[in-house]
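Undergrad: One structure follows; several queries about it will come next.
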Amino acid sequence: MAIVWEWIRQIWIPTSTVRLAEAERRVLSIVRVPFEQIQVSIGDNLTINTIHTYNPNAKRANQKSPLVLLHGFGAGVGFWLLNLDALAEQHEHVYAIDLLGCGRSSRPRFRAKTGREAEQLFIDALERWRIQLNLEKMILLGKYLSISTF
């Protein structure tokens with residue numbers, strides 16, 4: 001387990017925000033539905049990169065809870081590119097977010113020493129994000145990323 005956490009600490013590094021923004025702009029150019037991209041402040045000088053689609057004509061427009069897309073560790077909102085258009089047809093509000101340390105979200109110093117501490121870091125950030133957007137309820141759709149070595 002210690003090897004896994006050491007690997008996580010090694011990839012949790014800052015990079016150029018300008019390069020990230022340009023790369024994301026190019027990747028998101030394939031999305032057909034209108035969307036907005038915002039940096040949602042969750043306190044402590046942290047932001048969560050958020051893609052939001054709004055479709056009042058969605059097939060499930062009467063559904064009150066927005067759909068929130070959560071990528072696996074080490075990925076980002078780009079993980080949802082091939083699904084975003086279809087999901088936006090079904091749901092009035094769709095949000096795809098970058099977890100802390102991923103994509104264009106803030107990259108705080110990773111201090112978790114256990115799996116439980118790491119989970120709590122992400123849960124707390126997601127809850128703070130939900131509160132900032134005034135979402136009473138949400139449907140959370142996660143995508144698991146498995147990394148294997150041979």
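The values are calculated or read from the model by the stated rules, or taken from the named source; none is laboratory data. Predicted model, so just to flag it, every value in this text is computed and none were measured. Positions of Cβ are backbone-derived with ideal geometry, glycine not excepted, and every protein chain shown enters the neighbour counts. Quick note on the areas: whole protein, heavy atoms, side chains included, nothing else; ligands and nucleic acids left out. Shrake-Rupley method; radii C 1.70, N 1.55, O 1.52, S 1.80 Å.
Undergrad: Mind counting the residues in segment 70-85 that are over 18 Å from ALA23 (Cα atoms) and either touching a Lys or Arg at 6+ places or on another chain (Cβ under 8 Å) or touching a residue at least 60 places away in the same chain (Cβ under 8 Å) (or both)?
TA: The qualifying residues number 4.
Undergrad: Here is a follow-up. Inside segment 99-118, can you point out the residues that are modelled with pLDDT under 90 and in a helix (DSSP H, G or I)?
TA: GLY115, ALA118
Undergrad: Would you point out which residue out of ALA58, ALA88 is out of contact with any Cys (no Cβ under 8 Å at 6 or more places or on another chain) and part of a loop (DSSP other than H, G, I, E, B)?
TA: ALA58
Undergrad: So, of the residues in segment 54-70 that are out of contact with any Leu (no Cβ under 7 Å at 6 or more places or on another chain) and surrounded by 15 or more Cβ atoms within 10 Å (Cβ to Cβ), which turns out to be modelled with the lowest pLDDT?
TA: Of everything passing the filter in segment 54-70, ALA58 is modelled with the lowest pLDDT.
Undergrad: Is there any pair linking a residue in segment 32-55 that is assigned to a loop (DSSP other than H, G, I, E, B) to one that is of a type in the set (Val, Ile, Thr) and buried (at least 18 other Cβ atoms within 10 Å of the Cβ), with Cβ under 6 Å and at least six apart or on different chains, and which?
TA: So the pair list comes out as VAL33/THR53.
Undergrad: Considering only residues that are open to solvent by less than 80 Å² (accessible area, probe 1.4 Å) and under 18 Å from TRP80 (Cβ atoms), which ones fall in segment 22-38?
TA: Of everything in segment 22-38, those that are open to solvent by less than 80 Å² (accessible area, probe 1.4 Å) and under 18 Å from TRP80 (Cβ atoms) turn out to be ALA23, GLU24, VAL27, LEU28, VAL31, VAL33, PHE35, GLN37, ILE38.
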